[in-house]
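Just below is one structure, and these are the notes that go with it.
The values are calculated or read from the model by the stated rules, or taken from the named source; none is laboratory data. Because the structure is predicted, anything quoted here is derived from the model rather than measured. Neighbour counts run over all protein chains shown; Cβ positions are idealised from the backbone, glycine included. For accessibility, only protein heavy atoms count, side chains too; no ligands or nucleic acids. Shrake-Rupley method; radii C 1.70, N 1.55, O 1.52, S 1.80 Å.
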Amino acid sequence: VPRILSGIQPTADSFHFGNYLGALRQWVDLQDGHDAFYMIADMHAITVAQDPKVLRERTLLSAAQLIAMGIDPARSAIFVQSQVPAHAQLAWVLNCLTAFGEARRMTQFKDKSAKEGEGAASVGLFTYPILQAADILLYRPAYVPVGEDQRQHLELTRDLAQRFNSRYKKTFKLPEPHILKETAKIFDLQNPTAKMSKSAPSPAGIIELLDDPKVSAKKIRSAVTDSEAEVRFDVEAKPGVSNLLTIYNALTGRPIAELEQAYAGRGYGDLKGDLAEVVVDFVTPFRTRTRQLLDDRAELQRVLSDGAERAGAVAARTMEQVYDRIGFLGRDA
Ligand code: AQP
């Protein structure tokens, strides 16, 4: 069976609908028929300052959300990145294979460092895509299910895999991104040309999975649309309405053309009201389930240890080959 690997950062109390519709929903679906590894990327999280207590709590919250969403720890390995030391080990090797200019071309660093200024951003934030390449390559996955914003990082990952393979010996598989066309990029409800993102300046445009459902409904009813009154999918001319239709379609499976027809001549209020209901119906049981899982922290810890065990075994085998091939002197057995 083909293997898949993906990760998410524990950098907020809740995942949002961009994470869910772009990536996590695929994680759930792809469990069937794949050997799946899902990582909570706490090492990526510390590329910007984190409060230690909050980080630890959010790591558990992330695990609870993944399980509540339908990831089955019996089938898929759910693990915490820092519990598998091979990630840091391979990242160093890949750092040494990456050209400085190549790393500098990564647009996420440019975006993320823009606020504080490049000079103040951490070197970890700069080398973030290289750690991500290590995360992926360690498991030699066929696919990496992600949102559109990760495409450039996947290209770097493939370049580094190829470089290692040709400089030393064929070691890594070149992974393919697995991006869902329709929901590759979910937009901020208040600023529908920007990606829905945890680090947006205001939470008003972000639907968080663990928000009070009343708050989520209100956010949808206040979504920015346009001055027409025609429910039509047109990303260029009507980004706000199109984003709502994308979310509606993804959550219900109702085709966009059918939604356009259903709301023809009815204006945006009805569309928003109905979508709010769909979202509330989705998040309400999800919240309850997440809370229940959080009540048994020992069990969550156990699931994560088990995941780290499984991931660690695969990663250690890859690392052993890598160290050998680059010429590190192994210890006497
Ligand atoms: N708006 C989005 N649309 C589609 N997919 C998205 N993803 C994130 N935002 C969207 C996908 O979610 C996965 C987890 O990514 P992450 O942990 O790197 O989350 P993130 O990119 O940190 O999420 P944010 O909200 O954008 O946080 P900041 O602002 O800190 O970067 C990935 O597969 C990503 O593609």
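Structure values in brief
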item	result
Condition met for Leu210 (out of contact with any strand residue (DSSP E or B) (no Cβ under 9 Å at 6 or more places or on another chain) and within 15 Å of the ligand (Cβ to nearest atom))	yes
Within the stretch 171-184, considering residues that are hydrophobic (A, V, I, L, M, F, W, C) and more than 16 Å from the ligand (Cβ to nearest atom), the one surrounded by the most Cβ atoms within 10 Å (Cβ to Cβ)	Phe172
Where Met39 falls short, out of the listed (1) within 12 Å of the ligand (Cβ to nearest atom); (2) in a helix (DSSP H, G or I); (3) closer than 18 Å to Ala308 by Cα; (4) among the aliphatic types (A, V, I, L, M)	(2)
Enumeration of residues in the stretch 190-207 that are open to solvent by 50 Å² or more (accessible area, probe 1.4 Å), in contact with a helix residue (DSSP H, G or I) (Cβ under 9 Å, 6 or more places away or on another chain), within 11 Å of the ligand (Cβ to nearest atom) and part of a loop (DSSP other than H, G, I, E, B)	Lys198, Ser199
Of residues in the stretch 1-38 being within 29 Å of Ala49 (Cβ to Cβ) and among the β-branched types (Val, Ile, Thr), the one most open to solvent (accessible area, probe 1.4 Å)	Thr11
Verdict on Leu60 being touching a residue at least 40 places away in the same chain (Cβ under 8 Å) and more than 8 Å from the ligand (Cβ to nearest atom)	yes
Qualifying residues in the stretch 42-54 (those that are open to solvent by 40 Å² or more (accessible area, probe 1.4 Å) and part of a loop (DSSP other than H, G, I, E, B)) - the one nearest to the ligand (Cβ to nearest atom)	Val48
Checklist (1) buried (at least 17 other Cβ atoms within 10 Å of the Cβ); (2) closer than 22 Å to Ile256 by Cβ; (3) without any contact (Cβ under 8 Å) to a residue 40 or more places away in the chain; (4) near the ligand (Cβ under 10 Å from one of its atoms) applied to Phe187, failing item	(3)
Residue count, the stretch 1-59 (criterion: under 21 Å from Thr183 (Cα atoms) and among the polar types (S, T, N, Q))	6
Hits in the stretch 140-170 - residues which are within 16 Å of the ligand (Cβ to nearest atom), touching a helix residue (DSSP H, G or I) at 6+ places or on another chain (Cβ under 9 Å) and assigned to a loop (DSSP other than H, G, I, E, B)	Val146, Gly147
So Arg287, is it among the basic types (Lys, Arg) and free of Cβ contacts under 8 Å to residues at least 24 places away in the same chain	no
Counted residues, the stretch 65-92 - those being surrounded by fewer than 16 Cβ atoms within 10 Å (Cβ to Cβ), among the small types (Gly, Ala, Ser) and either under 14 Å from the mean Cα position of the chain (by Cα) or closer than 19 Å to Tyr128 by Cα (or both)	1
The stretch 9-25, subset within 6 Å of the ligand (Cβ to nearest atom) and part of a helix (DSSP H, G or I), residue farthest from Asp72 (Cα to Cα)	Gly18
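Residue-by-condition table, conditions (1) over 26 Å from Gly327 (Cβ atoms); (2) charged (D, E, K, R); (3) surrounded by 16 or more Cβ atoms within 10 Å (Cβ to Cβ):
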| position | (1), (2), (3) |
| --- | --- |
| Leu94 | no, no, yes |
| Leu97 | no, no, yes |
| Phe100 | no, no, no |
| Arg104 | yes, yes, no |
| Phe109 | yes, no, yes |
| Ala114 | yes, no, no |
| Gly117 | yes, no, no |
| Ala120 | yes, no, no |
| Ile130 | no, no, yes |
